[in-house]
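Notes to accompany the following structure.
Nothing in this text is a laboratory measurement; each read-out follows from the coordinates by a stated rule. Small disclaimer: the values here were computed from a predicted structure and weren't measured. When we count neighbours, we look across all protein chains shown, and the Cβ atoms used for this are built from the backbone with ideal geometry, even at glycine.
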Amino acid sequence: MKETNDTKAIAKTSGSKILRGNMRQYSMVMALVLLIVLFYFLTGGKLLKPLNITNLILQNGYILILAIGMLLVIITARIDLSVGSIVAFVGAIAAIMIVNMKIGVIPTILVCLVVGALIGAWQGFWTAYIKIPAFITTLSSMLIFRGLTIAVLDGRSIGPFPDSFRAISSSFVPDIVSEPIMLFGAQLNLTALIAGFLICLYIVFRDVNKRRAKSKYGFDTMAIWFFIIKQVIMCGATMAFFYLLAAYNGIPTLLIILIVLIVIYSFVTSKSVIGRRIYAVGGNESAARLSGINTKRLVFATNVNMGVLSAIAGIVFAARLNAGTPKAGTGFELDAIASCFIGGASVYGGTGTIMGAILGCFIMGVMNNGMSIIGVSIDYQQAIKGLVILLAVAVDMIAKDKEK
Amino acid sequence: MSEIILEMENITKHFPGVLALDNVNFSVKEGEIHALVGENGAGKSTLMRILSGVLPHGSYTGQIKFENKKYDIKSIKQSEEKGIAIIHQEFALSPYLSIAENIFLGNENSKAGIVNWEMTQNKAVELTKRVGLVEDVSVLIKDIGVGKRQLVEIAKALSKNVKLLILDEPTAALNEDDSENLLKLLLALKEKGLTSILISHKLGEVIEVADTVTILRDGQTIETIAKGDITEARIIKGMVGRELTDRFPKREHTIGDILFNVEDWNAYHPTHHDKKITDDVNINVRAGEVVGIAGLMGAGRTEFAMSVFGKSYGVNISGKAYMNGKQIDTGTVGKSIKNGLAYISEDRKGLGLILRSSVKDNITLPNLEKVSKAMVINENEEVIVADKAVEAFRIKCPTIEQETNDLSGGNQQKVVLAKWLFCESEVYIMDEPTRGIDVGAKHEVYTVVNNLAAEGKAIIFISSELPEILGVCDRIYVMSEGKIVGEMLSEEADQEKIMRLLV
């Protein structure tokens, strides 16, 4: 008798929980939408001007790249404080190689990526194999690479870069037609519109396929009307976004890099064996080890990965600044970490999604951008951002507590 | 001979779903060493937790009198003020503080919050002398061995002007010399008038030092024996005198050839490198056979199993493992799994499950490749596997996406079993697979064991519950202090025989 009561109790909590699991992702999207609406009115519509949308991407791209890597590190219940310094160090190397030594852009980028991987391996070695807490390893690297950056740059900025390098952060995908087309009285970039349309097609195609596979295996699928509404909303948002890009200069090259990274890492975390194992290590390292998972190698790998992504962010940021500078990337680690936590990752590891980290990153980005437009000074911006991080995580904790 | 110092009358204590103590009577005379014995789960610890105030007055029924006064204490602090101190199996010492600081931890020689270090030092020296500890009192706890730590614990108790000292398995972690010293110290302290209660599984030392022995079984006092009448046979009879019922499902067995064996297996403690935790173990298990390893807590069974499975515990591990007569490498967990081993941990929350992951994710974790193609998980395939397991094991969960954290102990254990069965191993080492789960779930675990044996798999079944070992296994090894001290077929075995080997 008691047993059945217990089972019922479990069934009840879990019913609401599963709903909440999906709600979580939706509620973050809602938070971002609300924030956009709020700043749309506060900025008198400037927030959603085509130019500003492109700026939002260019301003937050490097943080997003860092947040993706940071998420994997945080899922393993570790942290990386050094990414800001690595961004600066890699930017400095790029500047020295390209500007001072006149080495080509492609070889330089390859060297930068290898340097990032090596720095990641260095940190991974101490963290995974010597078992030094990640906080300490990366705090040390934060100082080491900031110091080395200043040393190799001799305390000065080195620039400017040739256009071919700057293009990473400032160019746009060329239009397939020579003249922008005129639509609804606006000049529009045809490539961006076509890209948006293709992505919509892909989304619908993918979801229909998934639905079909599910029914083939005999699983429940969501109600057809809900499915259609979801597709309409997703395609509508995608088209609106690409319309705004089309109304400015088209698709930024950086956006292509971001989309590729997001697709790869979403896939790895949600579908691959390695992704599942990373979650297992963060959830319970001992149990993961006793399930045959090489936990050390996996922690090492997440560190190397973080190093490479830091290098990519470093290249992107240097290209945007058009120089390698000693102060580059200061505080980036905190923005990346905050993105993950706002996006629902747990400090204790084992949870968090790429989609969440992206949403967290854009919540921060929209706030930065919106507050700058309406003229909130940097000091208050910092304070408000600090409060938002606390609130976001507090709401999550309280919701979890209530569940129990 | 002397006054009664402690009198516990009709103590009854319920835990949710369990009657831990059932009208227990227990009285201790002043100046004696009173041994309290019983199997794991007999109620010894619960009784001592009541006495030391961990379980406060009001949470149990019955009366306690200490020095002829009512003893209604609500906290450990109060029990210490009355002069009762308990030394737990796990030391309550702070490793990075010195011996002197630890002795007076929580009881500092201070005035207005300022510690008088000179007084601390002098008193500590005096106390260490009393317990025969030869060590500078400024040495850190982490730098001394377990034997000396045990003496620090006793010095700490003495510093509080203890009248009644409770020792819970004080020699479990000690080697023979240290144990002998400790027992001598107990006798010396008795000469000076200290009363003590000794909880021990080692009947040899009980007989050596105890003036009186009280036996508990299933939460009841069986008998209290005075010096002169204490014999090993009488104690064992009192401890195990329980009848076997048909709690164990019958099994049709066809036992085949030796499937897995371990030769000359040795391992040492991970931090105390000189302590052997597994001592020349040789065991084998045949296809379709269930082999038990009986032993008390701390006998080294888990340590042995984990040292074999991926060398997950201990250092300087040596020995050979064979599967089907061919030597296999068990150096990492991955290799062990590939070679057909599965280890189902006794610590299902700490080592068995990812509590924050779903039932589904836990089940497929050790063999993700089976539901993957080119390192990409086929989630639909995974759901089918998990659904099947939930049905086969009757895991009570609303969906396979349920976090395992929210399941009952029995259902968690079934998830762990499902996880390892999904690995399709040949040899299953099950470490206390029924600990802390109810009778119904136990029965289902036994059924799983039987089904595996019927399929020709081999099972090594570790348990502290002798009736369970006798009911489930075909053959039994008895382990004590890391050594195999006996082997018998279960039809030839009985609890008394095993118990005699254990103590």
Across all directions of projection, what mean area in square nanometres is found for the Cα convex hull of chain A?
-> 23.8 nm²
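Which order do A:THR138, B:THR231 fall in if you start with the one that has the fewest other Cβ atoms within 10 Å? Can you show the working numbers first?
Values: A:THR138 26, B:THR231 13.
The most exposed by this proxy come first: B:THR231, A:THR138.
Filter the chymotrypsin sites (Phe, Trp or Tyr not before Pro) in segment B:53-119 down to the DSSP loop ones having no more than 15 other Cβ atoms within 10 Å, then list what survives.
B:TYR96
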Ratio for segment B:4-240, C-alpha Rg to 2.2 N^0.38 Å, reads 1.02
Within a Cβ distance under 10 Å of B:ILE5, other residues only, what is the Lys/Arg minus Asp/Glu net charge?
-> -2
If you line up the long axis of helix B:379-392 against the longest principal axis of chain B, both from Cα atoms, how many degrees apart are they, to the nearest 10?
-> 70 degrees
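Quick check: net charge around B:ARG130, other residues with Cβ under 15 Å of its Cβ, Lys/Arg +1 and Asp/Glu -1?
+4
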Which of the lysines could a cross-linker bridge to A:LYS131, judged by Cα under 16 Å and excluding same-chain residues fewer than eight apart?
-> A:LYS296
If you average the sequence gap of Cα pairs under 8 Å that are 6 or more apart and divide by the length of chain A, what percent do you get for the contact order?
-> 34 percent
Evaluate the Kirkwood expression for the hydrodynamic radius of chain B, namely the inverse of the mean inverse distance over all pairs of different C-alpha atoms, and round to one decimal in Å.
-> 24.9 Å
Name the residue, out of A:LYS131, A:LYS210, A:LYS385, whose mean-square fluctuation peaks in a Gaussian network model built on chain A with Cα pairs under 10 Å.
-> A:LYS210
Under 10 Å from the Cβ of B:LYS335, count the other residues' Cβ atoms, weight Lys and Arg +1, Asp and Glu -1, and hand me the total.
-> +1
Step through the table entries B:LYS148/B:LYS237; B:LYS338/B:LYS457; B:LYS276/B:LYS442; B:LYS65/B:LYS190; B:LYS111/B:LYS163, compare each Cα-Cα distance with 23 Å, and write down the pairs that go over it.
-> B:LYS148/B:LYS237; B:LYS276/B:LYS442; B:LYS111/B:LYS163
Relative to the longest principal axis of chain B, what angle (0 to 90°, nearest 10) does the C-alpha long axis of helix B:439-454 take?
-> 40 degrees
By count of other Cβ within 10 Å, fewest leading, how are A:TRP225, B:TRP265, A:TRP126 ordered?
-> A:TRP225, A:TRP126, B:TRP265
Counting pairs on different chains as well as pairs 8 or more places apart, how many Lys pairs in segment B:355-424 have Cα atoms under 14 Å apart?
-> 10
A:LYS230: which lysines have alpha carbons under 23 Å from its alpha carbon, excluding same-chain residues fewer than 8 sequence positions away?
-> A:LYS17, A:LYS210, A:LYS214, A:LYS216, A:LYS271
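What is segment B:4-240's relative contact order, in percent, from Cα pairs under 8 angstrom and six or more apart in sequence?
28 percent
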Computed [θ] at 222 nm, deg cm²/dmol, the protein assembly as shown (DSSP H ≥ 4; -39,500 (n - 2.57); rounded to nearest 500) = -16500 deg cm²/dmol
Roughly how tilted is helix B:176-191, in degrees to the nearest 10 and between 0 and 90, from the longest Cα axis of chain B?
-> 30 degrees
Membrane-span-like helices in chain A: DSSP H runs reaching 30 Å or more (Cα, own axis), mean Kyte hydropathy at least 1.0?
-> A:50-75, A:224-247, A:295-321
Partner aspartates and glutamates for B:LYS69 [C-alpha distance under 20 Å; skip if fewer than 8 residues away on the same chain] = B:GLU3, B:GLU7, B:GLU9, B:GLU30, B:GLU32, B:GLU80, B:GLU81
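Just list whichever of B:LYS142/B:LYS227; B:LYS13/B:LYS202; B:LYS29/B:LYS142 have alpha carbons separated by over 29 Å in the model shown.
Result: B:LYS142/B:LYS227; B:LYS29/B:LYS142 exceed 29 Å.
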When the scattering of segment B:304-364 is computed by the Debye formula from its Cα atoms alone, each counted once and equally, what is log10 I(q)/I(0) at q = 0.21, 0.23, 0.24 Å⁻¹?
-> -0.88, -0.98, -1.02
Counting pairs of alpha carbon atoms under 8 Å apart in space and at least six apart in sequence, what relative contact order in percent does chain B give?
-> 14 percent
Extended-chain gain in nm, criterion 0.36 nm per residue less alpha-carbon gap, B:ALA233 and B:ALA188 = 13.4 nm
